[in-house]
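Since the structure comes first, as structure tokens, the remarks are kept for the end.
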Amino acid sequence: MKEVVRIENVYKDYQLGEQKVQALKNINLAFEPGVFLAIAGPSGSGKTTLLNLIGCIDVPTSGKIFINDQDVSGRTPDQLADLRARTIGFIFQTFNLLPVLSAAENVEYPLLHRSDVSAAERRKRVAYFLDIVGLSRFAGHRPNQLSGGQRQRVAIARALAIRPSIVLADEPTANLDHNTGEEILLLMKKINRSFKTTFIFSTHDKRVIAKADRLVRVEDGVIAHLGKRLHTKWTVIRPRAPADDGSERSESPSQTNNPTAHRAEN
Ligand SMILES: Nc1ncnc2c1ncn2[C@@H]1O[C@H](COP(=O)(O)OP(=O)(O)OP(=O)(O)O)[C@@H](O)[C@H]1O
Ligand SMILES: [Mg+2]
């Protein structure tokens with residue numbers, strides 16, 4: 001089956017002076033297109049690191065990442081930028097809109113780097129996606145003339161404008177009040193359902209998790225839980241480790257036969 005994201009035996013270390021921080025340890029995950037996936041876990045557990053790897057903003061220390069069944073390891077920064085520009089939409093906690101640009105210009109911005117999208121097509125997409133997020137009337141407004149929820153709607157339209165196969169959102173509701181956060185989530189879910197766009201978002205918020213149909217819980221750089229929801233029922237599934245014999249992956253690398261396994265610092 002076609003997979004939108006596959007992560008195989010991925011480790012991510014950061015060097016902090018003399019010290020090595022193991023942010024992710026032997027992550028194995030795969031998702032089919034169209035999932036509405038929440039990444040949950042305590043602060044510092046590795047959620048943003050995982051999103052950055054899926055978004056090809058950063059590369060793993062070891063292991064492989066496949067986007068739409070294509071191995072992205074070994075690509076140059078330019079090739080990764082090109083992949084992002086065509087495939088991945090980003091939504092940020094702090095919206096990250098360009099303050100001097102109008103809502104419409106912000107939505108248009110990622111399309112300016114796409115030589116295959118004509119000016120006429122750009123205008124069409126801007127109008128279309130501003131309408132989808134309910135902001136047609138605010139097209140000429142700058143970010144400081146919009147509420148937090150409206151800014152996040154602009155960011156959603158900007159993420160969608162490239163017609164991405166994946167939208168990544170790092171704590172998209174963290175800077176919004178309860179009701180606005182809920183509205184943003186429902187909008188994302190509506191887009192997920194109608195366009196079959198894959199959404200992967202990190203969150204601390206239980207109400208946000210409740211809207212997901214997949215849940216990855218990261219704890220101390222490992223997958224502590226992988227869940228799937230059908231209607232109202234959550235089922236626990238373990239992450240599959242391709243290098244394994246199919247048995248449950250132990251979180252202690254000393255018990256794996258993977259030669260690339262790093263030593264755990266538990
Ligand atoms: N650039 C970096 N350099 C060094 N260490 C880093 C860097 N980025 C993240 N880390 C470390 O990696 C670990 C995972 O960080 P990450 O930002 O992925 O956590 P998080 O789950 O997103 O946390 P939060 O919920 O607070 O956003 C933490 O221990 C963090 O200190
Ligand atoms: Mg984070």
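Some notes on this structure:
- Take every DSSP beta bridge whose two residues both sit in the chain; close to 60 percent of them are antiparallel.
- Reachable lysines from residue 20, criterion Cα separation under 16 angstrom, eight or more residues apart if same chain: 12
- The chain - percent relative contact order, Cα under 8 Å, separation 6 or more: 25
- Estimated [θ] at 222 nm from DSSP helical runs (n ≥ 4, -39500 (n - 2.57)) normalised by residues in the chain, nearest 500: -8500 deg cm²/dmol
- Among 49, 173, 235: highest mean-square fluctuation, GNM of the chain, C-alpha pairs under 10 Å: 235
- With a threshold of 29 Å on the Cα-Cα distance, the over-threshold entries among 25/190; 2/190; 2/25; 64/233; 64/190; 47/189 are 25/190; 64/233; 64/190.
- The value of relative contact order for region 1-143, using C-alpha pairs under 8 Å at least six residues apart, is 21 percent.
Rule-based calculations on the coordinates, nothing more; no lab input. Remember, predicted model here, so these are calculated numbers, not experimental data.
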